[in-house]
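The values are calculated or read from the model by the stated rules, or taken from the named source; none is laboratory data. Given the structure is predicted, the values throughout are model-derived calculations rather than measurements. Counting neighbours? That spans all protein chains shown, and the Cβs are built from the backbone with ideal geometry, glycine included. Just the protein is used for accessible areas: all its heavy atoms, side chains included, with ligands, DNA and RNA removed. Shrake-Rupley method; radii C 1.70, N 1.55, O 1.52, S 1.80 Å.
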Amino acid sequence: MPEQRDSKSDNSASLLRALTHRFHTADAAIAEIAGLEAKLSLPSGIVHIISDVHGEDAKLRHVINNASGALRQLVDATLNGRLSDAEKARFLAVLYYPRDAIRVFAADIIASGQRASWIHSTVTLQFEIVRALRKSYRRDHFESLLGPHYRELFIELGSAQRPEYIREMLHALSRHDRDWAAVRAGARLIRNLTCEELLVAGDLGDRGPRIDRVIETLMSQPRVNVLWGNHDMLWIGAHLGHEPCMLTMLRFSARYRRAAQLEEGYGILTTPLERLVRDEYHDDPAERFMPKGEGLREALMVARMQKAIAVMQFKAEGNMIAQHPEWNLDHRRLLHHIQFEGSGKHARAKAVEIGGKHYEMLDQRLPTIDPDNPYAYSTTEQACIDVLKNSCTQSARLRQHMEWIVRHGGMWTNRDEVLVFHGCVPVDLDGTPQSLRVDGREVAGRELMDALGSVVRRAMRKRWFALDADADWLWYLWGGPRSPLFGKDKLATFESYFIADKETHKEIKNPYFDLIHDAAFVHRIGRLFGCDERVLIVNGHVPVKIEKGEQPVKRGGNAITIDGAFSEAYGNRGYTLVLRPEGIDLAEHAPFQGVEAAIRSGADIVPKVERIRTHERPRLVRDTGQGQRTQQEIADLETLVSAYQEGVVSERE
């Protein structure tokens, strides 16, 4: 008879073995228990949630640097009027942009002969702010942020017991021109202490100038997590060489004149598009494709590039949709419904049939579409796509960034009662979650998000050299009608380019977006994700149109949209939701005037802050989900201590 094994006992033994590698003795485990017990009594960590950054790297940096306005308030409260307005503006500039501010101020400081006193005064003030911030952190976490080069200096500044010792250290640093670097490191430490976690609810790129810099900024923060948005799916797909995703991403870059993020950021060549334009669209007015904003390339060239990309996109999408009849999207394959007059490159697209109705085509020049085989790439298009795919799949920086997004991202998450996802839970008119067949199973609600999240990770693991139908789901997440990241009945890109009737341009939102005004509906959605009646649902994706009377907090009071038009293309405002020990705040940001204005004139984003939920008492770590996990760690360590004491496992010196 085979030996019966207790899986629970096996798991306990495995856990003990793992813990012995970290804590070699009972004393080491007991010391950690003491630290964790004390951590439970600390105030709960501050979490900042933002959404829909859309490539606005400079504004993102400022919102992070000023802690959504909280750092200015902390400086006012801590220094309590000891600085003049000019001194405070300079001090804040150094905290927000230390490298840039020192570049601007250093010459005058040196010329005045006050370098040593300015450095000493600045780092001393910085550590008054640090002492106020570090109260919320366990010592080991705080010291992990110090770094090796200024660790001793910062520990001395933190205690403030030996001012002359500090002066001597600064003097020695100045001889090697490292005193400025100490100021920069102090500013970085403050920035890293202002919030315990930054959570970005999707759409890192498109529309704004530099998704590459957005991701670099996020990667440099001590703790960041991401909820994927539908625009993020395009970039993930593009790096895999998935043609519909890649072409849609390129079309956005052309539409908003964002070639720099492709060429400088990722080394993706756009010259193949210029060649395609010269070969096929050289005399095309491309009036329906004029780009937004300004750039170095001639506007007409960019318009022609955008048109060339759009036509290839419609072909790629049509071919892909034909492979997925289960998606029920055949009505979105429109090229074979175009009615042409003439033949060859001189044929004119006169009308298109959509939904049984005929519409005149506003742009009749489609030189690369063969009426007899409309979804086939022309020879020149295929050559262009081959080079573009190679650029995307071979860009090491793009691969690094997309791997980071997938590794640090997901479809949904929660922080205690706060449930966060980018778009929606697709539902029917009565609020019943809509299902979708994924991996052979009909799934809805949380199961749908979890299943699609698994597909995204699986597609990423397969990489570009094993591209298959999993990658098609990236496109579906971008714009499929039951995608939790999209939440509309269709993408009306073709109609907006080619048809005058604005009724065809409408993209009807999923009923979810009306139902989240109903508190009972929000409770039902919350329960799908394991949340109790206190749930607060947080979404991005759909910009809040303040000018039309819309409000971020929904009428039921337990749902909120934080896509506040962060992108300049949408309004240059935006929101941060701030989870504090005392409650939940909504910070509404003003337009950003730029880094130079912040340094030279003290311009700042001073948000309007509204408390939307107040806790009965300030929360401690023990009151949170993090506290529950910490208590489990303590229980595991207590088991380890007992095992050491009883000789079940042996201590190591």
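Points worth noting:
- Taking residues in region 610-622 that are within 27 Å of residue 38 (Cβ to Cβ), and partners anywhere that are hydrophobic (A, V, I, L, M, F, W, C) and part of a strand (DSSP E or B), the pairs with Cβ atoms closer than 9 Å and at least 6 places apart or on different chains are 614/584; 615/584.
- Residue selected from region 601-614 under the condition modelled with pLDDT under 75 and loosely packed, with under 14 Cβ neighbours inside 10 Å, by the criterion farthest from the chain's Cα centre (by Cα): 601
- Answer residue from region 620-650, given it is in a loop (DSSP other than H, G, I, E, B) and over 27 Å from the mean Cα position of the chain (by Cα) and is surrounded by the fewest Cβ atoms within 10 Å (Cβ to Cβ) among those: 647
- When the residues of region 135-157 are filtered to those that are part of a helix (DSSP H, G or I) and more than 18 Å from residue 182 (Cβ to Cβ), the one that is least open to solvent (accessible area, probe 1.4 Å) is 136.
- When residues of region 303-349 are limited to those that are open to solvent by 70 Å² or more (accessible area, probe 1.4 Å) and assigned to a helix (DSSP H, G or I), the one nearest to residue 441 (Cα to Cα): 326
- Residue count, region 276-302 (criterion: assigned to a helix (DSSP H, G or I) and either surrounded by 21 or more Cβ atoms within 10 Å (Cβ to Cβ) or not acidic (Asp, Glu) (or both)): 10
- Number of residues in region 170-198 that are open to solvent by 10 Å² or more (accessible area, probe 1.4 Å), of a type in the set (Asp, Glu) and touching a helix residue (DSSP H, G or I) at 6+ places or on another chain (Cβ under 9 Å) equals 1.
- Scanning region 255-265 for residues that are open to solvent by 10 Å² or more (accessible area, probe 1.4 Å) and either modelled with pLDDT of 95 or more or not aromatic (Phe, Trp, Tyr) (or both) gives 255, 257, 258, 259, 260, 263, 264.
- Residue within region 49-65 that is farther than 27 Å from residue 582 by Cβ, open to solvent by 10 Å² or more (accessible area, probe 1.4 Å) and either out of contact with any Ser or Thr (no Cβ under 7 Å at 6 or more places or on another chain) or not charged (D, E, K, R) (or both) present: yes
- Scan of region 533-552 for residues that are open to solvent by 40 Å² or more (accessible area, probe 1.4 Å) and farther than 14 Å from residue 415 by Cα, ordered by number: 533, 545, 546, 547, 548, 549, 550, 551
- Checked against (1) touching a strand residue (DSSP E or B) at 6+ places or on another chain (Cβ under 8 Å); (2) of a type outside the set (S, T, N, Q); (3) modelled with pLDDT of 95 or more, residue 241 passes all but a single condition, namely (1).
- Those residues of region 402-434 which are touching a residue at least 24 places away in the same chain (Cβ under 8 Å) and of a type in the set (Ser, Thr, Tyr), in sequence order: 413
- Residue ranges of strands (runs of 3 or more DSSP E) in region 365-455 with at least 1 members under 21 Å from the mean Cα position of the chain (by Cα) and among the basic types (Lys, Arg): 412-415
- Evaluated against (1) touching a residue at least 40 places away in the same chain (Cβ under 8 Å); (2) over 28 Å from residue 216 (Cβ atoms), residue 48 falls short on exactly one condition, (2).
- Filter result for residue 236 (out of contact with any Gly (no Cβ under 8 Å at 6 or more places or on another chain) and within 26 Å of residue 39 (Cα to Cα)): no
- Within region 487-523, the set of residues being farther than 18 Å from residue 424 by Cβ and open to solvent by 40 Å² or more (accessible area, probe 1.4 Å) comprises 496, 500, 501, 502, 503, 505.
- Leading residue by the ranking (surrounded by the most Cβ atoms within 10 Å (Cβ to Cβ)) among those in region 12-42 that are charged (D, E, K, R) and touching a residue at least 12 places away in the same chain (Cβ under 8 Å): 39
- Of all residues in region 456-486, those satisfying the criterion of being outside any helix (DSSP H, G or I) and modelled with pLDDT of 95 or more are 480, 481, 482, 483, 484, 485, 486.
- Residue that is out of contact with any Cys (no Cβ under 9 Å at 6 or more places or on another chain), in contact (Cβ under 8 Å) with a residue 40 or more places away in the chain and open to solvent by 60 Å² or more (accessible area, probe 1.4 Å), where the choices are 530, 526: 530
- Qualifying positions in region 350-364 - open to solvent by less than 80 Å² (accessible area, probe 1.4 Å) and either among the hydroxyl-bearing types (Ser, Thr, Tyr) or not in a loop (DSSP other than H, G, I, E, B) (or both): 350, 351, 352, 353, 354, 359
- Taken residue by residue, region 323-335 has at least one member that is free of Cβ contacts under 8 Å to residues at least 40 places away in the same chain, in contact with a helix residue (DSSP H, G or I) (Cβ under 9 Å, 6 or more places away or on another chain) and within 21 Å of residue 477 (Cβ to Cβ).
- Residues in region 431-447 include at least one that is modelled with pLDDT under 95 and open to solvent by less than 60 Å² (accessible area, probe 1.4 Å).
- Taken together, 94, 123, 130 contain a single residue that is more than 30 Å from residue 199 (Cβ to Cβ) and either touching a residue at least 12 places away in the same chain (Cβ under 8 Å) or of a type in the set (Lys, Arg) (or both), which is 123.
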